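Read the structure below first, then the notes.
Read the figures in this text as sums done on the coordinates, not as results from a lab. Just so we're clear, the structure is a prediction, and the values are computed from it rather than from any experiment. Methodologically, a virtual Cβ is constructed for each residue, glycine included, from the backbone with ideal geometry; neighbour enumeration extends over all protein chains shown.
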Amino acid sequence: MKLADTCAVITGGASGLGAATARHFRDRGAAVTLFDRDRDRGAALAAEIGATFAEVDVTDEASVAAGLAAARAAMGRITAAVNCAGIATAERTLGRTGPHDLASYRRTIDVNLVGTFNVARLAAAEMAGNDGAERGVIVNTASVAAFDGQKGQAAYAASKAGIAGMSLPLARDLASFGIRVCAIAPGIFATPMLTALPEEVQAGLAADVTFPKRLGDPAEYAALAAFIVECGYLNGETIRLDGALRMR
């Protein structure tokens, strides 16, 4: 599948990894529809890069279905879905104020894992109607926390481990429809959440990366997502994109 012929839906497209992916895909000629809850930022970016925007809550079935219908109407079809929407929480299983808040744990799982699956399953239903042997590609976002999560990451690591764990079953489920599924497991990336930290904190995080000793550039995530779309034999895999980082 050539990126120039791709019609992609990108969740979390208003900022961070999603925004970088949207820019890269559009630069390579793909049609793009951004999904995000941030209407102002999402609509502004879409207007800037020549994409379409839909206000979507990935945890809500009706919201995602409406967004996909709008994307199909704007682009004619959907051949790729890149799931970048997610939240991060930091809370220990047992802290000074008591046990981990169950509502925040459920919310993290709901947005990161259930939201990803919700978009993947509904996007797959759209892709199945396309012509050709290869009808679509789904790229999900896991994290290195799926494999070596740190203190305070029980909820986040569980959500991302779920994404990594479902990559192969999803690929097997969707093989008969000509749809490939992969996941990317980013390390420490220069997203708005991290670039808001003091420079000395960012430098400390970068020092743990094996090589190169820096934060990842969201454009590098975007380039890998584009490679997955175009590499027709890549399927069912979770790819670490982390500079050989292994979290302490």
Place a point 7 Å from the Cα of Ala223 in the direction of its beta carbon; the residues of the range 1-37 whose amide N falls under 12 Å from it are none
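Provide the three semi-axes, in whole Å and in decreasing order, of the ellipsoid equivalent to the range 187-228 as defined by the square roots of 5 times the Cα gyration tensor eigenvalues. Please list the in-between numbers first.
Working: eigenvalues 86, 32, 6 Å².
Its equivalent ellipsoid spans semi-axes of 21, 13, 5 Å.
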Taking 0.36 nm per residue of separation between Thr93 and Asp38 and subtracting their Cα-Cα distance, the length gained on full extension comes to 16.8 nm
With the charge dipole of the range 137-248 built from beta-carbon charges (+1 for Lys and Arg, -1 for Asp and Glu) about the Cα centre, the Cα from Ala142, Gln202, Ala190 projecting farthest to the positive end belongs to Ala142
For Lys160, the aspartates and glutamates lying under 17 Å Cα to Cα, once residues fewer than eight places off in the same chain are dropped, come out as Glu91, Asp110, Asp148, Glu237, Asp242
Per its Cα gyration tensor (rounded if a/c is under 1.5, else prolate when a/b beats b/c, else oblate), the range 94-240 is best filed as oblate
In whole angstrom, largest first, the equivalent ellipsoid semi-axes that the Cα gyration tensor gives for the range 1-107 are 31, 14, 12
Taking Cα atoms, the helix 154-174 axis meets the longest principal axis of the chain at an angle in degrees (rounded to 10) of 30
antiparallel share of DSSP beta bridges within the chain, to nearest 5, in %, is 5
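Just in the range 185-248: which chymotrypsin sites (Phe, Trp or Tyr not before Pro) are loop by DSSP and have at most 12 other Cβ atoms within 10 Å?
Those that pass, being in a loop and sparsely packed, are Tyr233.
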Low-density loop trypsin sites (Lys or Arg not before Pro), the range 112-175, at most 16 other Cβ within 10 Å, DSSP non-H/G/I/E/B, are Lys151
In nm, the gap between the two label points placed 7 Å beyond Cα toward Cβ at Thr210 and Glu230 is 2.6
Each label sits 7 Å from Cα toward the beta-carbon; between Asp110 and Ala203 the label points are separated, in nm, by 4.2
From the Cα centre of the range 1-45 to that of the range 78-93, the distance in Å is 15
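Among Leu102, Leu194, Leu170, rank each residue by its count of other Cβ atoms within 10 Å, from fewest to most, as a rough exposure measure. Please report the intermediate quantities before stating the final value.
On the way: Leu102 9, Leu194 17, Leu170 25.
Ranking Leu102, Leu194, Leu170 by Cβ neighbours within 10 Å, fewest first, gives Leu102, Leu194, Leu170.
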